[in-house]
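Nothing in this text is a laboratory measurement; each read-out follows from the coordinates by a stated rule. This is a predicted model, so every value here is computed, not measured. Neighbour counts run over all protein chains shown; Cβ positions are idealised from the backbone, glycine included.
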Amino acid sequence: MRRMTPRIAIVGAGPVGCAAAAFLVQDGIAPALWSPTGRRVRRHADRASFTCAGAVSGAIEVEWLASPARLAEFDVVLVCLPADAYAAVLGPLNARWRPGQHVIVSGALSLAPLWIAAAADGVQVSGWGTTLTTTHFQPDGSLHVNPLRSRIDMATVGPLEPSEARQMCADLFGDRFVVADNLLTPTLANINPIAHAAEVIPNLTRMEAGEAWSLFGNFTAVVGRMAEALDVERRAVATGFGLDVPSLRQHYARSYHLTEGPLHTMAAAITANGMSPNGPASLQHRYVLEDAPFGLAFLEALGRAAGVHTPVLSACLSLLAVAYGRDFRADNFLLDALDIAGGDAEALLSRCAAAASPAS
């Protein structure tokens, strides 16, 4: 039986934020939602609504916050934003967090929780290594929601004990959180940057042409080999910091409730189970705009700090930069804000430790 749940607001009204709200409503918890745009929900006065299908079905209605100033009213704030919105949206919000709040970053990239903690005294900041579920908006505007993941890696910094922060997450979303003692662990556990790079690079012309294509339906053996090679380098970076993170195969098995096997075989099962979204139908998609600078470039920088070479990852990042005519390494403001190049692996581990104070 769960304890009394804290009041929770969600920042971001995209598929991930709306899915989190849907699971809360289904469990009898009343969340509030704030977004700078809110384009994907129906808004009327102080309410917002959308329709779900899949693991949650039916109409979902939540409180809509007209101003970000109202976020100060809530005990927990769950941030569900793409990393390329961190500077524009989270930057101003960093001045609004109040002592005692628990700010959780879903699918945190580039050590964003460390950046928030440095700007907000007395605030508990947690980072999840992935999102609660996989989800996407369908052409008719409804939200397709897959089941909750069985495991979510997390870490936290601030005045609370890590076990207390984990319990707050469990009170809201169930007992699926595995707490680590360092923010680097969920950062390196996040598989999106490597998985998305392997998925989109062979399909860039489909994206450019605006084709409708199945993401996992086109996850062939070629994609699987790319993803496996990238995963080897991601886990090597983690090992360079003395950390152990789940493999991509383990992640897919836990996320989609499958038996582990070759990645392209698992992808075929995801498609057969009706859980594959369509791939990006535009080059202007977060699988590149978010994951190249805030995922691949950050992993590359972490590799340098740990003395680990990442030739496949670096090649994918350079290839995407050529295809887009854009320097994705320069697009990640957190590399400089956190001075990732300014220390070695041991120093970075110390800064990311759960026992560290926000000012350290």
Looking at region 126-207 only, what percent of DSSP beta bridges run antiparallel? Nearest 5 please. 65
Compute a Gaussian network model of the chain, connecting alpha carbons closer than 10 Å, and tell me which residue from Gly325, Gly141, Gly279 fluctuates the most. Gly325
What is the spread of the Cα atoms of the chain along each of their three principal axes, largest first, in whole Å? 48, 47, 39
Once the Cα gyration tensor of region 296-358 is diagonalised, semi-axes √(5λ) in Å: 25, 14, 8
Rg(Cα)/(2.2 N^0.38 Å) for region 192-338, N = residue count: 1.04
With eigenvalues of the C-alpha gyration tensor scaled by 5 and rooted, region 8-179, Å: 24, 18, 14
What percent antiparallel are the DSSP beta bridges of the chain, to the nearest 5? 45
Between His264, His251, His44, find the one with the highest GNM mean-square fluctuation for the chain; connect C-alpha pairs within less than 10 Å. His44
For the charge dipole of the chain, defined by +1 on Lys and Arg C-beta atoms and -1 on Asp and Glu C-beta atoms about the Cα centroid, which residue among Thr187, Thr134, Cys316 has the Cα displaced farthest towards the positive pole? Thr134
Checked against the positive end of the charge dipole of the chain (+1 on Cβ of Lys and Arg, -1 on Cβ of Asp and Glu, about the Cα centre), the farthest of Pro82, Pro31, Val288 is Pro31
Just Trp97, Trp213, Trp34 to compare: in a GNM of the chain, with alpha carbon springs under 10 Å, which one fluctuates most? Trp213
Sequence ranges 230-236, 198-204, 129-135, ranked by mean other-Cβ count within 10 angstrom, highest first: 129-135, 230-236, 198-204
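With +1 on the Cβ of every Lys and Arg and -1 on the Cβ of every Asp and Glu, and nothing else charged, how large is the dipole of the chain about its Cα centre, in debye rounded to the nearest 20? Mind dumping the intermediate values first?
Numbers: 26 positive and 32 negative charges, 132 e Å.
Dipole of the chain, to the nearest 20 debye: 640 debye.
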